[in-house]
Amino acid sequence: MHDEKARHPALMPEALADPPVSAAARRPPNASRREPFDEFMSGNLPRWALVRQRMDGAEVTDVAAAVGAALEPVRATIGPGSRVCLAVGSRGIDRIDEVVRATVAWVRAAGAEVFVVPAMGSHGGATAQGQLEVLASYGMTPASIGCQIRSSMETVELGEVGPGVPVFVDRNAFEGADVIVPINRVKPHTDFTGEIESGLMKMIAIGLGKQRGADTFHRQGFATFHELIPAVAEFTVSKVNIPFGLALVENGYARLSRIEAVPRDRIWDREKELLAAAREQMARLPLVRMDVLVLDYIGKDISGLGMDSNVVGRYYAGPTGAGPNIQRIVVRDLTAETEGNAVGIGMADVVLRRAVAKMDAHKTYMNCITAKTPEGARVALTVDTDRQALAIAIACCLKVEPSDARIVRIRDTKHLGLLYVSESALEDVLVTGRCEIVRPLEAIEFDRDGMFASATE
């Protein structure tokens, strides 16, 4: 058996340690006056334990070999001298740069020309340069992947799938390529449910449509997506040459577990099967009921919503009904990779001021406007320290005494290998048979600035 801690840095206790904070972002202690919200911090907090959760760990070890094996059955679709466009875009995919680099090399070996286009709707502030920067943040530059990246927000209108539903495709892909190959992760979506959610068909229908296509699509509302995505994707495939897509699936540790080339005539059926597999493998919290969930980070590299609604069981309008049931959510910070896009912060109940200070209004608002979800950028109760945030979150819960609060703290909704669990919830976590105590119950401690003390073994 391999050592998950050694292979996955996010599983190390240090990953939950308090990130560096500037002195200006912290409120220094002041013995001569009351701290803000002192009235909510007089109760005794529970103890908590550090717990490791075991999940499906099967993963791809040699990305280049796996890509080559996946593409071999579709080799006949890439003719010598043909121009191939790889469509890439979704955030946070494990080793996506390696996948794209290996695909570029395979296409070249087949005797074809190749280039990449960003297929990410309105991400990157809906600008060509911004989308190049997003790809660079994934480790994808012309030098690193070995081919040109052509970024533009210009599109070509292919026609309509219905009244008021035009279909768009990236102009560089449409005019500059003989073959378009989408590369995307198949996974449950955060905003809707259906037989087809996030994956190849969504990238074809929305990602390749750039901001104009994504905006037009979202105007129809998420309630239509389960029908509209397949309809638009099938219409697009009938108009442009997309012989196959490269589908990626991740395990519970957010590591690649499958790479598969899906032929055009099987995308609908196969993507449904891959979605079911992805849903089965995805990481989940090992509790059905929590009073307070503390998230160290949210970000677009974690989830399209900053925090995955499939993990936290809530959306902007409230509980999804699928669980878990969480009374209050605390957000401590934004990831560096999200580059200021704080979409999803609107699902939190209490946030730290440092997270709000990092919000890039243009990137966040553009994302929310395109998705027709302005509530995604709404900012909740904002405080300076972890001590204040935790106390206020508990105070906002129903029928909860601080000493008995069911508190869970995780790095983010993508990395659930390690979590802090308070004493009253610990037995429920251990009874699942998937969790073990890494560090025994101890006091919830704060440093002199009111921030969580470092979580090191």
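Determine the shape class of segment 63-281: with a ≥ b ≥ c the square roots of the Cα gyration tensor eigenvalues, call it rounded for a/c under 1.5, and otherwise prolate if a/b is greater than b/c, oblate otherwise. Rounded is the answer for segment 63-281, as its axis ratio a/c remains below 1.5.
Placing +1 on the Cβ of every Lys and Arg and -1 on the Cβ of every Asp and Glu, with nothing else charged, gives the chain a dipole about its Cα centre of roughly 420 debye.
Between Arg47 and Glu72, the contour length at 0.36 nm per residue exceeds the Cα-Cα span by 3.6 nm.
Using θ = phi - 60° in the Karplus curve 6.51 cos²θ - 1.76 cosθ + 1.60, the 3J(HN,Hα) couplings for segment 306-316 round to x, 10, 6, 5, 5, 8, 8, x, 9, 10, 4 Hz; x is entered for Gly and Pro. Summing Cβ point charges (Lys, Arg +1; Asp, Glu -1) relative to the Cα centre of segment 63-281 gives a dipole of roughly 340 debye.
Charge tally around Gly81: other residues with Cβ under 15 Å, Lys/Arg +1 each, Asp/Glu -1 each, net +1. Near Ser424, once Lys and Arg are set to +1 and Asp and Glu to -1 for all other residues with Cβ below 11 Å from its Cβ, the sum equals -3.
Here the contact order of the chain, divided by its residue count and restricted to Cα pairs under 8 Å and six or more residues apart, works out to 23 percent. Is the C-alpha gyration tensor of segment 250-320 telling us rounded, prolate or oblate? Criteria: a/c under 1.5 is rounded; beyond that, a/b larger than b/c is prolate, otherwise oblate. Here segment 250-320 falls in the prolate category. Dividing the convex hull volume of the alpha carbon atoms of the chain by its residue count gives 137 Å³ per residue. Amide H contacts for Tyr253 (H built 1.01 Å from N in the peptide plane; partners 5 or more residues away or on another chain; cut-off under 5 Å): none found. Projected label points at Glu273 and Glu375, each 7 Å from Cα along the beta carbon direction, are separated by 3.8 nanometres.
Other residues within the sphere of radius under 11 Å centred on the Cβ of Asn241, judged by their own Cβ, net out at +2 (K and R +1, D and E -1). Extension gain for Glu280 to Asp265 (0.36 nm times residue separation, less C-alpha to C-alpha distance): 2.9 nm. Measuring nothing but how far apart in sequence close Cα pairs (under 8 Å, 6+ apart) lie, relative to its length, segment 268-403 scores a relative contact order of 23 percent.
Taking a straight line from the alpha carbon of Lys300, these lysines sit under 26 Å away, with near neighbours fewer than eight places off in the same chain left out: Lys5, Lys187, Lys202, Lys210, Lys272, Lys358, Lys363, Lys372, Lys414.
If the chain linking Leu441 and Glu427 were pulled fully straight, counting 0.36 nm for each residue of separation and taking away their Cα-Cα distance, it would gain 3.8 nm.
Rule-based calculations on the coordinates, nothing more; no lab input. This structure is a prediction, so every number in the text was calculated from the model and none was measured. As a convention, Cβ positions derive from the backbone with ideal geometry for all residues, glycine included, and neighbour counts pool all protein chains shown.
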